[in-house]
Amino acid sequence: MAADDIREPHLREHDFLGAFAVVERHGSILMVQNERVIDGRKQLTWDLPGGQVEHGEMLQEALRREVHEETGLRIAAAARFLFVQEGERANRGLRRYVWRSFFFSCEAIGEPVAAGEVLDVRWFSRDAMRSVLTAPYHDSFLRWLDDPFAYHTSDWRDG
């Protein structure tokens with residue numbers, strides 16, 4: 001068995017509520033590199049900065065905190081709502097959890113640096129993002145790029 005093969009993927013015990021930033025500069029969107037477990041294997045993914053809304057936190061508060069923790073950037077003003085993604089993750093045919101992630105357009109101050117759990121930061125053109133956004137949960141963001149509706153669904157199946 002390969003060192004990065006994981007028999008039982010890490011699955012959340014509770015549903016997920018998230019807030020994510022679309023920070024765009026000069027026609028490129030900021031992405032952060034993370035390590036994820038997908039189909040039982042560790043993989044590097046490029047994701048938008050953001051993450052889980054903590055207990056007692058408002059979406060905008062979580063967005064500011066997560067962006068700063070992951071990139072060192074400060075959100076300049078109130079973020080503008082773009083869309084919500086609602087999805088489910090199933091493993092071996094059973095729903096394990098659902099998630100709701102809110103996406104916001106943000107202007108940020110500073111130059112991004114990888115911080116916290118983030119391995120790298122990089123700016124991608126919209127065209128280049130199509131080749132690097134390959135995780136199952138990226139489907140709705142890619143659809144939003146083509147069709148900017150306010151609600152998209154996602155379906156993540158392991159095993």
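Summary table
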| read-out | value |
| --- | --- |
| Some residue of region 145-159 being at pLDDT 95 or above, under 14 Å from the mean Cα position of the chain (by Cα), buried (at least 16 other Cβ atoms within 10 Å of the Cβ) and of a type in the set (A, V, I, L, M, F, W, C) | no |
| Single match in Glu66, Glu54, Glu24 (criterion: on the phi < 0 side of the Ramachandran plot, among the acidic types (Asp, Glu) and in contact with a helix residue (DSSP H, G or I) (Cβ under 7 Å, 6 or more places away or on another chain)) | Glu54 |
| Lone unmet requirement of (1) without any contact (Cβ under 8 Å) to a residue 60 or more places away in the chain; (2) surrounded by fewer than 16 Cβ atoms within 10 Å (Cβ to Cβ) for Asp139 | (2) |
| Flag for Phe104 being under 13 Å from Phe20 (Cα atoms), in a strand (DSSP E or B), aromatic (Phe, Trp, Tyr) and out of contact with any Pro (no Cβ under 7 Å at 6 or more places or on another chain) | yes |
| Which numbered condition Gly50 fails, given (1) within 13 Å of the chain's Cα centre (by Cα); (2) more than 19 Å from Asp139 (Cβ to Cβ) | (2) |
| Lone unmet requirement of (1) touching a residue at least 24 places away in the same chain (Cβ under 8 Å); (2) surrounded by fewer than 13 Cβ atoms within 10 Å (Cβ to Cβ) for Gly87 | (2) |
| Residues of region 12-57 that turn out to be surrounded by 13 or more Cβ atoms within 10 Å (Cβ to Cβ), in a loop (DSSP other than H, G, I, E, B) and modelled with pLDDT under 95, as a count | 2 |
| Which numbered condition Gly116 fails, given (1) surrounded by fewer than 16 Cβ atoms within 10 Å (Cβ to Cβ); (2) in a strand (DSSP E or B); (3) at pLDDT below 95; (4) not aliphatic (A, V, I, L, M) | (2) |
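The values are calculated or read from the model by the stated rules, or taken from the named source; none is laboratory data. Predicted, not measured: the structure shown is a model, and the values here were computed from it. Neighbour counts are summed over all protein chains in view; Cβ atoms, including those assigned to glycine, are modelled from backbone coordinates with ideal geometry.
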